[in-house]
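Each remark here refers to the structure printed beneath this line.
The values are calculated or read from the model by the stated rules, or taken from the named source; none is laboratory data. Being a predicted model, the structure only gives us computed values, none of them experimental. Here the Cβ positions follow ideal geometry from the backbone for every residue, glycine too, while neighbour counts run over all protein chains shown.
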Amino acid sequence: MESSVKRTVITIQEENELIDRILAGERQLYATLVNKYKSYAFTIALKIVENKPEAEEAAQDAFIKAFHYLKSFNRQAKFSTWLYRIVFNTAISYKRKNRHPFQDIEENTVEYHEQADSQLEKDDKQIFLSQAMDRLNEADRLSIQLYYIKELSLEEVAETMGQNLNTIKVRVHRARQRLADELKRILKQEALTL
Amino acid sequence: MEKITQKQDDRLLDYLDGKLSGAEAAMLKNQLEQSGSLNQRLEELRQVHALLAKSTLVEPSKDFTQFVMNNLDKVPARASTLSPRNGFILLCGILVATGITILLLATGSFDVLGNPIQLESLKLPKEIITPSLPSVSITGKTMMKILVILNIGLAFLVLDRTVLKPYFGRKHHSQSFS
């Protein structure tokens, strides 16, 4: 389900006023913040746990945590960055807690559809990219995936992952260089098998 | 073919991210005109950049917000330090230990430990003991029975925290997701 829903547009100042009102007791207003950030929270959680129901659970849990700790939110930071950090940590805990070391082979069966052929050709590079992505270490993979989530800057990725900005910059650069090398190798191999 | 250095690679990525100043970008463009391999590397990196840039936000289920709002009063679940796998191993360990203890109890292995403990026979400094110490009748068998009961209680707790709660929690969540 791709992003198609129009997101609520509110400025940082309006957001802070909203937080004040929520803290003053108008808790129903929290839904505005949830609606604004749910896609980001869900996408971040999904990149980490790689499973939709678990990502949804982790993202919802993160929003509930954020509501409980809203008083401690430091207004000097952006609410989004603060929230994404909670989402990141919650999703990491979920991933550790619910590791799936064994996968049923039947679950991975690829169904063949003739109509899908052209789509497959079109998506070949995307498939090769995910193959190459699997070869990255987890920290590099997450850094690059978060960096390419719309509107997330290197600074936000660093704050979300609780790491130094330079470390993230190195990770994002290194990951792209490795992906380029890996993609080149895969494409060469594919050309040889044709 | 000319080898691309790490520094050149970083510069190409900064170029793709639009982070080079006008002068730096002009200098790089000049280098690109002169070097075929640098050009080729830029294309490889551009391809990765373009593929990654295609990633979009994914929407959660329709009742996402409603679920959050309905559960705002719930105390956020703290992540268990035990994974289901570790919990299962711990549970098996507790059950095996309990089983062995029950077996040993049944075969009378602890019957020899049935004598009362004579505290009077302990050699303690006189100034510590003024009255005479009583003899406490604690048998090994009773202690083992208490341990078995505690173990069974612990096993139920581990089963609940690591297997039952996560299982039913996920099931409930999968239903609300679909």
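Yes/no matrix, rows are residues, columns are (1) surrounded by fewer than 20 Cβ atoms within 10 Å (Cβ to Cβ); (2) assigned to a loop (DSSP other than H, G, I, E, B):
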{"residue": "A:Leu129", "(1), (2)": "no, no"}
{"residue": "A:Ala139", "(1), (2)": "yes, no"}
{"residue": "A:Leu146", "(1), (2)": "no, no"}
{"residue": "A:Ile149", "(1), (2)": "no, yes"}
{"residue": "A:Gln163", "(1), (2)": "yes, yes"}
{"residue": "A:Thr167", "(1), (2)": "yes, no"}
Quiz item: For region B:120-172, how many residues are aliphatic (A, V, I, L, M) and at pLDDT 70 or above?
Solution: 15
Quiz prompt | Selection status of B:Glu44, over 37 Å from the mean Cα position of the chain (by Cα), away from chain A (no Cβ under 11 Å) and acidic (Asp, Glu) | solution = no
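For region A:174-194, name all the residues that are free of Cβ contacts under 8 Å to residues at least 24 places away in the same chain and crowded, with 21+ Cβ neighbours inside 10 Å. Steps first, please.
Of region A:174-194, the ones free of Cβ contacts under 8 Å to residues at least 24 places away in the same chain are A:177, A:180-181, A:184-185, A:188-189, A:191-194.
Across region A:174-194, the qualifying residue is only A:Ala180.
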Exercise. Only residues that are crowded, with 16+ Cβ neighbours inside 10 Å and modelled with pLDDT of 80 or more: list them for region B:73-100, please.
Key: B:Leu90, B:Leu91, B:Ile94, B:Thr98
Practice problem: Please go through region B:55-79 and pick out each residue that is at the interface with chain A (Cβ under 7 Å from one of its Cβ atoms) and in a loop (DSSP other than H, G, I, E, B). | Solution: B:Ser55, B:Thr56, B:Leu57, B:Glu59, B:Pro60, B:Ser61, B:Asn71, B:Leu72, B:Lys74, B:Pro76, B:Ala77, B:Ala79
